[in-house]
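Input: a single structure, listed below in structure tokens.
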Ligand SMILES: [Fe+3]
Ligand SMILES: [Mg+2]
Ligand SMILES: [Zn+2]
Ligand SMILES: [Zn+2]
């Protein structure tokens, strides 16, 4: 094909270009522009040699970015000239393995595409009702990848040899399964089985058997993409209750899977942004306001205003949803506080006694991934738990990491982050590191990420808290430079990183607890911060937490500490005091004596105190429950706001006790919890806005960044953002990176790099 | 302040300051006492300083605490406690009646343990330069059994034994401070352990023993796991804790595994002899509540894992200093 003016170029494409149909796309592009040559994968991404007329080569090169497939993320295309060799045709060549992978990326798992779904429903198709159908646009990726480069032999599909028909599709540049690594069919691919509680196979079509179990009120374990789930019919109150009892999960809401967006619309009110997220390829759980008449048992999400809904993301989930025609609860297959089960033997063992039956298959899961969880804020995504469908997509930052970084994250809701070049890879949700199983999955996850991204960490970042197990893990790494990053500095830095902003900004970090630079527990902080360092410019008034961790589990203790601070011995006639009459005096004395009562400026604990005073929640069953339920109670019609003084000084102090005192007076006067919750949210937001204004006046800074788990609360977030905008601040909020501790590793990584650059 | 809590911080302090300064082979293992070979026989030598507030508490006072503590340090090294010294630092104006009371309880404790206080010293410092009264005791004991005890003897398959209900000293003292204004029928567990230890050594092959003082049983178990390069697994339901201690710990937000004892020890014994070990201990009043609480496993090395009543596995870490919540 090369004419007289033919030139040849060597092209390198970096970014998320493996496992997303990029090589077939390049073949198609080459055909369209009459370019000859070849394309292949290597650990650095995609390499291409192309030969043709200069104008054709230019169009070809431009098309690599402009026309890339939907799941691809092209970060860099570099071109260098080569000697023309003639020849014709364009082909895919074998992958090359090299020493220094520096650009190849493993993509996240993607929900079943429309074309595959059509085949699934087409009785004439050879993949009719085949639960493992996929193509270059959809299917398993991160959860089955064992190494790089992304090739079938580096996935758990290596266990299955392609049949002739599949091999033909795989090798045909015109086919939508051209070089789709997990390609398979009923003749050659994984198969489904239903197993009874005893682990023995049940006769019949496995989907039909499992559907029958669910309809009979049983708990069924289903092996999905990133691990085992437990399912019951969402409308079956008794089954939901049984699931709660067996999973030992008393109150944390369950997510519900609906067959399609229309079915989801009967469960929750879906604004357009929510529907877009629900139907997108990431397929997260979307939190949306529950419909009053939703056909869902009360025990699915007790005390919550929102309901988490998701759509099927594998053919298996589609088949089951279509067969049942009613929504089913889908929750991670584990006991409370343990990581999701994903290895077959272990899952059968751990879920014995929890599940009445198993719907399983023989494709191994290499990396576990829980379902992701998102909310909608101002028409944009607000990721609360970033896991399946998101990880391990890189977070691009406009700075380079001088040396490879591992950031170990926090203790709870842990994620870690490995970073190199200008990319940071935030891990899937790992969980709470208290349990050994979770710590092990953390350590295995770190090794897996380092392997698939070719990173050997030289700098290891960790939290300032010496007893986080992630900190202990960091300190046990050998031959690395350690950097301790203060918890709330990391929160603000993660928000900055998401926006590619280098600071300085006025950071508002509101969360549960993190160890402060002064040895007290912070959590309601105003930090003047850039990526290198921070100054504590202000904070919520600090109070003792009587009993330390016990005060986290029992929000009423925070009520006791605050009310004692405000009123001393003369407590008003509040119901919360009566409910804890026996322990109240001892808890107050502990607070006064400082007996296991560390001081905290935490916003989360402030929410706890108000939730208990308002009669919303005294004792929690999961982290953040009291605050979430207080938010759910907010009366949207209420316009009042409790006033709170600012106590000027260095640092500035927000007199949070004013809010608590006003709430207590209202409650004692019989004002309902909805109005108290609203006045508290609005009062706290107003106080934060005024405090930011004061810090802005002192520093000249006009940008604020909001981070920390408390800003998952969209009522508070909206009030603070709109207040700051009225004051003409530029406001940075989270979207793709969680504001909570699930995003903190990214902040640690960029702070470590900023200090490494100096 | 954190350096007194008995966990990682005090260990770091000891290693950074004293081990370095006094470097010698007898000090190196950082056991409760040093074993010295004098040619005519082996002796164990130990010393400990005692500070406690309040000085008098249900079940004891600083005096018997100082005697029992040193007796116990000698005993868990396998020695028969013999002679003690006692040194006092007194704040000017400290009531002589209180000092008499302390001396009397020391004498009673020495009598009970079969040891004699053979030498001593007293210093008085200015008012405000000390908190009433501090006592330092040192002791020597004879190593009459041909035992080899220590973390290096611990191996997978061994059983972990606690000699009685835990946490009573720490909670009794906390209540006695009066901050809580609660009343509880609870006394410190302070007691001499030499008879129970001797009975155990006579009954079964013992790998190592340690009294669970500051930092509680959790700290001892971490020392075992780290020192021996093994995992220690503990069954939460098997750990003896009196309901009154459980209740107080719930109120205080403390984990009984980390609360100090003054009359309890942890023993690691040959796993095949676990029941015999417990039976031998239960014949003595100070260890009638002995129980097998766990076992030694090959890995994960250096870790203490608690199998919880809920079926999970919680990591029992060495505390760095005063406990701070890790929950966010
Ligand atoms: Fe946090
Ligand atoms: Mg000692
Ligand atoms: Zn597809
Ligand atoms: Zn096939």
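The values are calculated or read from the model by the stated rules, or taken from the named source; none is laboratory data. If you're wondering where the values come from, they're calculated on a predicted model, not measured in any experiment. Don't worry about glycine lacking a Cβ; one is built from the backbone with ideal geometry, like all the others, and counts go over all protein chains shown.
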| request: State whether the residues of segment B:188-199 include one that is within 14 Å of chain A (Cβ to nearest Cβ) and in a helix (DSSP H, G or I). | output: no
| task | Give, as residue ranges, the strands (runs of 3 or more DSSP E) completely inside segment B:210-328 that count at least 3 residues that are over 30 Å from residue A:339 (Cα atoms), at pLDDT 95 or above and within 14 Å of another protein chain (Cβ to nearest Cβ). | result | none
| Going by the structure shown, is residue B:232 over 17 Å from the mean Cα position of the chain (by Cα) and buried (at least 21 other Cβ atoms within 10 Å of the Cβ)? | yes
| query | Considering A:715, A:720, which residue is assigned to a helix (DSSP H, G or I), over 17 Å from the mean Cα position of the chain (by Cα) and surrounded by 20 or more Cβ atoms within 10 Å (Cβ to Cβ)? | reply | A:720
| field | Selected residue [at positive phi, outside any helix (DSSP H, G or I), surrounded by fewer than 20 Cβ atoms within 10 Å (Cβ to Cβ) and not assigned by TED's automatic domain parsing to the domain that holds residue B:229] from B:128, B:178, B:157 | value | B:128
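Kindly check whether there is at least one residue in segment A:93-107 that is within 16 Å of ligand 3 (Cβ to nearest atom), within 13 Å of residue A:19 (Cβ to Cβ), in contact (Cβ under 8 Å) with a residue 60 or more places away in the chain and touching a helix residue (DSSP H, G or I) at 6+ places or on another chain (Cβ under 9 Å).
The answer is yes, given that some residue of segment A:93-107 is within 16 Å of ligand 3 (Cβ to nearest atom), within 13 Å of residue A:19 (Cβ to Cβ), in contact (Cβ under 8 Å) with a residue 60 or more places away in the chain and touching a helix residue (DSSP H, G or I) at 6+ places or on another chain (Cβ under 9 Å).
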| request: Being farther than 25 Å from residue A:728 by Cα and within 15 Å of ligand 1 (Cβ to nearest atom) is the filter here, so list the residues in segment A:521-534 that pass it. | output: A:521, A:522, A:523
| Restricting the search to segment B:116-129, which residues are out of contact with any helix residue (DSSP H, G or I) (no Cβ under 6 Å at 6 or more places or on another chain) and modelled with pLDDT of 90 or more? | B:116, B:118, B:119, B:121, B:122, B:123, B:124, B:125, B:126, B:127, B:128, B:129
| Only listed residue being part of a helix (DSSP H, G or I), modelled with pLDDT of 95 or more and out of contact with any helix residue (DSSP H, G or I) (no Cβ under 9 Å at 6 or more places or on another chain), chosen from A:674, A:683, A:698 | A:698
